[in-house]
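Please treat every number below as a calculation from the coordinates, not as lab data. If you're wondering where the values come from, they're calculated on a predicted model, not measured in any experiment. Here the Cβ positions follow ideal geometry from the backbone for every residue, glycine too, while neighbour counts run over all protein chains shown.
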Amino acid sequence: MSASAIAILVAGGAGSRVGAGTPKQFLPLGGKPLLAHALAHFDGCPAVRRIVLVLPREGFIESCRIMEPYLDQKPVNFVPGGETRQASTWEGLSTVDATYDGIVAVHDGARPCADGALIERVVAAAVEHQAAIAAVPVVETLKALADEHTIRETVERGAFCRAQTPQCFDHGLLRRAFERAQKDGFEGTDEATLVERLDVSVHLVLGSERNIKVTTPDDFARVEYFLERGGA
């Protein structure tokens with residue numbers, strides 16, 4: 001596939017659930033910042049033409065300095081993030097020229113194990129379907145709750161999946177989805193949520209159990225294990 005996507009790596013948060021003083025995306029993992037692993041996958045992916053790296057607004061200059069040694073093949077733009085993930089993604093999307101008619105790939109900077117093959121598959125699916133995300137099946141039994149401590153019923157797990165990133169969309173479609181959300185005062189948990197509000201079907205691409213979002217100290221240990229045994 002020829003290069004066709006602009007990638008937005010969203011890493012503007014503080015990562016407070018990790019419990020470290022440094023934002024989690026800059027904590028060391030295998031000798032370099034966690035975020036640098038995600039950046040490397042997109043930098044080396046033939047389906048990506050340019051990268052927009054959204055970094056914390058507080059300490060933005062220092063964050064840029066940390067990441068500069070890991071720039072390699074592709075053009076990278078540094079952008080300060082917003083108060084929420086959605087706001088940070090919008091800051092990145094706002095740097096994309098309004099006339100661009102290709103695919104935008106949005107990825108959590110805290111997912112260091114999304115390899116180039118997965119990125120290419122999701123981009124290709126978005127070219128065909130306008131909207132596509134990586135996702136994995138639910139393998140555990142799902143319980144719907146009556147309250148915090150009581151099960152109401154067992155839910156058919158085949159009707160559900162766990163969303164991952166990258167999430168890839170036609171640029172015009174994604175921009176309309178964000179503009180509609182802003183107009184309505186709606187805050188979603190991922191980009192697909194915003195696109196779904198336009199009554200657009202989102203295509204699913206099989207992701208990977210290794211493509212976890214690092215949230216807790218235990219997640220760091222899991223990802224380090226994956227990287228030591230051949231990357232993603």
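Shown here is the pair-distance distribution of the stretch 1-138: with all Cα-Cα distances grouped in 5 Å bins from zero up to the longest one, the shares run 2, 10, 20, 24, 21, 13, 7, 2, 0 percent. Dividing the summed helix terms, -39500 (n - 2.57) for each DSSP H run of n ≥ 4, by the number of residues in the chain produces a 222 nm estimate of -9500 deg cm²/dmol to the nearest 500.
Within the stretch 5-228, the proportion of C-alpha pairs whose separation exceeds 30 Å stands at 23%. The phi torsions of the stretch 49-56, fed into the Karplus equation with coefficients 6.51, -1.76 and 1.60 and a -60° offset, translate into couplings of 9, 8, 10, 10, 9, 8, 10, x Hz, rounded to whole numbers, with Gly and Pro shown as x.
Looking at the square roots a ≥ b ≥ c of the eigenvalues of the Cα gyration tensor of the stretch 133-190, which shape do they give, rounded for a/c under 1.5, prolate if a/b is larger than b/c, or oblate? Don't jump to the answer; show the numbers that get you there.
Details: a/c = 4.05, a/b = 1.76, b/c = 2.30.
Oblate, because a/c is 1.5 or more while a/b does not exceed b/c.
Tell me whether the stretch 187-232 comes out rounded, prolate or oblate; compute the Cα gyration tensor, take square roots of the eigenvalues as a ≥ b ≥ c, and use a/c under 1.5 as the rounded threshold. Mind dumping the intermediate values first?
On the way: a/c = 5.92, a/b = 2.14, b/c = 2.76.
Oblate, since a/c reaches 1.5 and b/c is not below a/b.
In a DSSP loop and with at most 16 other Cβ atoms within 10 Å, the GluC sites (Glu not before Pro) in the stretch 159-232 are Glu187, Glu209.
Based only on Cα atoms, what mean projected area does the convex hull of the stretch 96-232 have, in nm²?
Numbers: hull surface 42.3 nm².
The number I arrive at for the stretch 96-232 is 10.6 nm².
Shape class of the stretch 51-119 from the alpha-carbon gyration tensor: rounded, with the ratio a/c of largest to smallest axis under 1.5.
For the stretch 52-107 versus the stretch 177-232, the inter-centroid distance based on Cα atoms is 16 Å. Taking 29 Å as the limit for the C-alpha separation, the pairs Lys32/Lys143; Lys74/Lys183; Lys32/Lys213 exceed it in the case of Lys32/Lys143; Lys74/Lys183. Gln182 sits among other residues whose Cβ lies under 15 Å from its own Cβ, and their net charge, with Lys and Arg +1 and Asp and Glu -1, is 0.
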